[in-house]
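Report on the following structure.
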Amino acid sequence: SAQKVTRLESSQAKKSQHAEEAIFYTNCRAAYLAVFKSSLENIKSKEQLRLVLQQAGRNPSQKTLNKYWTSQTTTLNFDDFCAILKQEKPATKTELLTAFGKIDTNNTGYILHDELYEILTTRGEKMTRDEVSAITKEADFNCSGKLDYNKFCDLYMTTGEQCCKTAREKLEVDNRLRQQQFGNQAETSSEGITPPVSKPSPRVSKKTDHKLAPPKGDGKTPSRPSSAQTCKASISTTVSMGVSGNSNTQLIEPDMMKEWHCAQSKGCFYLEEDGEIISHKYRLHLPQRSTVCITIKPLNVRQVEGKSRNWLSVDTALYILKEDETQENLQLVSFTEQQNKETFGWKGELGSGIYWLLPFTTGCRLKKVKPRITGEAKLVYRGEDGELALTREFRATLLDIFETIDLDGNGLLSLEEYNFFELRTSGEKCDEEAWALCRENFDMKKNELTRQGFLDLNLMEANDREGDPCDLWVTLLSLGYNKALEMTEACPFVIDIYAEKCRPRMKAVYLEAGSWQLNRAVCKSVVNKGEAKLMDGCEDIVVYTYKAGRRITSVIENKSENKVIIHVNNEQSKNCLSNRGLTVFAVEVAPKSMMVSQHVMPLNEEEEWFYNCVHSLL
């Protein structure tokens, strides 16, 4: 319990830090776009630097401008601007009053105009008499030949705040501007911003592949060039897609496979605080060569009546990799590209041996959204006898959770299944001794926890905290539920494997973020199946575009010896949803590597969608 409280406090602190950074980046982009049409434009003069700093509520002196715009400076970009704002904090009212107080030694609250002229035109960064007169003529804070510097400070602060507010309001009104790429800042939804965060997963392999950019290159934070340049070459890709909601292929043939051997396992995609997606990963053993059919689809758990079921629209895929003597060099065999409604599958022949099944979702639908929940569901209550009990709504939610974490679907939780739950919610495992203690206190069958035992275990946790639901909320939030007990940041799924000639054995082995193996598999699948286009005027840059069912994925390959910056523009696309959450952005591709540019899905699956993307070399 203590560890869960610590984890909650740490999470809350992290959220607070993220919120502060989000506000900072909102102000940065609002100020920048009040002066420029795009954050990919550069600051080209000292006067432009002054203007954009003033829009951000700063009042830069000539000394400050000279500090950042030297005789060698030709341009500054958005990243440089953000760095300057971090260095140059706006003056506080206390600091201003302290400065005036050094002049007003008698603490009267006023400074004579003659004295003000003398100081401002002869000391420090000297002002002209006309500039000083512009201050002394303002009726709001001048009277009888004196400056009321308290009022002056109030107006100074209000003016700076108003500049920021005006810029933010302009940004909110102009939806096109809200969908621009702002330096290294990536939006995860049209309603809010999440500053770039790097969060390593403890189980992810630290090895790299010389043919791939680091896995995080496919993440949520596209790179901004360190110094913006003009576009030198480009590729335009256009794909017109029909209504995808009715996509149907002859993937599953029940009559043909009803005599086949079957294995099934459930699992889940979980959305981390920083937008990273983690999931279960599976080891498959085939004792002999056989024709197999492998499918994955969202798990249709009951969910509490009246609650949203958004996870059912999340796209799922499964990458099949063959293991050799070691796990270090997994070879891509295929992936589930055939679609039958919400089910994605692959059918073919596999030789005997060990395979790895890596679940994947693009992040187009499973992403952070701005919470709209104002209240908080009640989890426990005290009955007439004064004893704690689970509310009906929370009890139903726990049964849904049980259904999700019961990976083999036998209606019981083994120690191994329970430990995936514990790792997700507390970061720890339950050992044999602790499991034996559970056996003494909670209902079990064949050394596995029953549904009632799982409910009682959570009730015990509430009793340990004397009814305080704090720990229970840590569990729920980590499993993707919001305060209304809706599952919004997780997607449970189910995998089915049918083999004609042997009994397949499948086992969940890890619960972790997408590894470099998965990243490589995604890239290779697009390169193998997609359409390749050389960039005009630059044959070292190839853009591959793959379309199947309700998903389009593009991969950029850089064959050159130098890193490249690729500008990506989706402004002409219609009814499209990108995993980047952006209409315009830029990515950096390392030398001799490839990386995913973006995944795109229809915003509304009941309507046609039109994908038009221009990749340009900066």
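The values are calculated or read from the model by the stated rules, or taken from the named source; none is laboratory data. Just so we're clear, the structure is a prediction, and the values are computed from it rather than from any experiment. Neighbour counts are summed over all protein chains in view; Cβ atoms, including those assigned to glycine, are modelled from backbone coordinates with ideal geometry. All accessible areas refer to the heavy atoms of the entire protein, side chains included, with ligands and DNA or RNA removed. Shrake-Rupley method; radii C 1.70, N 1.55, O 1.52, S 1.80 Å.
Of note:
- Selected residue (criterion: nearest to the chain's Cα centre (by Cα)) from residues of segment 484-502 that are of a type outside the set (A, V, I, L, M) and open to solvent by 10 Å² or more (accessible area, probe 1.4 Å): Glu489
- Residues that are over 14 Å from Gly109 (Cα atoms), open to solvent by less than 60 Å² (accessible area, probe 1.4 Å) and out of contact with any strand residue (DSSP E or B) (no Cβ under 6 Å at 6 or more places or on another chain) within segment 135-154 comprise just one, Ile135.
- Per the listing Lys347, Lys307, the residue uniquely part of a loop (DSSP other than H, G, I, E, B), at pLDDT below 95 and among the basic types (Lys, Arg) is Lys307.
- Enumeration of residues in segment 333-353 that are in contact (Cβ under 8 Å) with a residue 40 or more places away in the chain, closer than 21 Å to Leu518 by Cβ and open to solvent by 30 Å² or more (accessible area, probe 1.4 Å): Glu337, Gln338, Trp346
- Unique residue being of a type in the set (D, E, K, R) and in the same structural domain as Leu399 (by the TED database) when the list is Asp468, Asp540: Asp468
- Matching residues, segment 464-500, being closer than 23 Å to Trp346 by Cα and in contact with a Leu (Cβ under 9 Å, 6 or more places away or on another chain): Cys491, Pro492, Phe493, Val494, Ile495, Ile497, Ala499
- Thr291 modelled with pLDDT of 90 or more and either hydroxyl-bearing (Ser, Thr, Tyr) or within 27 Å of the chain's Cα centre (by Cα) (or both): yes
- Scanning segment 418-452 for residues that are within 21 Å of Leu379 (Cα to Cα), in contact (Cβ under 8 Å) with a residue 24 or more places away in the chain and either of a type in the set (Gly, Ala, Ser) or in a loop (DSSP other than H, G, I, E, B) (or both) gives Ser426, Thr450.
- For Phe493, the stated conditions hold: it is touching a strand residue (DSSP E or B) at 6+ places or on another chain (Cβ under 7 Å), closer than 30 Å to Lys370 by Cα and assigned by the TED database to the domain that holds Asp406.
- Residue check, Ser560 polar (S, T, N, Q) and part of a strand (DSSP E or B): no
- Flag if Met157 is in a helix (DSSP H, G or I) and either touching a His at 6+ places or on another chain (Cβ under 8 Å) or among the aliphatic types (A, V, I, L, M) (or both): yes
- Residue-level check: of (1) charged (D, E, K, R); (2) modelled with pLDDT under 85; (3) part of a strand (DSSP E or B), Asp255 misses just (3).
- Count - residues of segment 437-461 that are open to solvent by less than 10 Å² (accessible area, probe 1.4 Å) and within 26 Å of Glu272 (Cβ to Cβ): 2
- The set of residues from segment 221-252 being small (Gly, Ala, Ser), open to solvent by less than 50 Å² (accessible area, probe 1.4 Å) and either on the phi > 0 side of the Ramachandran plot or at pLDDT below 80 (or both) comprises Ser223, Ala228, Gly242, Ser244, Gly245, Ser247.
- Those residues of segment 509-544 which are under 23 Å from the mean Cα position of the chain (by Cα), in a strand (DSSP E or B) and more than 14 Å from Leu358 (Cα to Cα), in sequence order: none
- Qualifying residue in segment 174-192 (condition: at pLDDT below 85 and farther than 30 Å from Glu588 by Cβ): no
- Unmet requirement for Lys483, which otherwise passes all of (1) charged (D, E, K, R); (2) part of a strand (DSSP E or B); (3) in the same structural domain as Gly275 (by the TED database): (2)
- Test: residue in segment 311-319 that is under 30 Å from Arg392 (Cβ atoms), small (Gly, Ala, Ser) and modelled with pLDDT under 95: yes
- Among residues of segment 563-578, those that are part of a loop (DSSP other than H, G, I, E, B) and either within 14 Å of Phe610 (Cβ to Cβ) or open to solvent by less than 10 Å² (accessible area, probe 1.4 Å) (or both), counted: 5
- Of the criteria (1) farther than 29 Å from Val52 by Cβ; (2) open to solvent by 40 Å² or more (accessible area, probe 1.4 Å); (3) touching a residue at least 12 places away in the same chain (Cβ under 8 Å), which one Lys102 fails: (3)
- Candidates Leu415, Leu398 - the one that is surrounded by 17 or more Cβ atoms within 10 Å (Cβ to Cβ), in the same structural domain as Asp456 (by the TED database) and in contact (Cβ under 8 Å) with a residue 40 or more places away in the chain: Leu398
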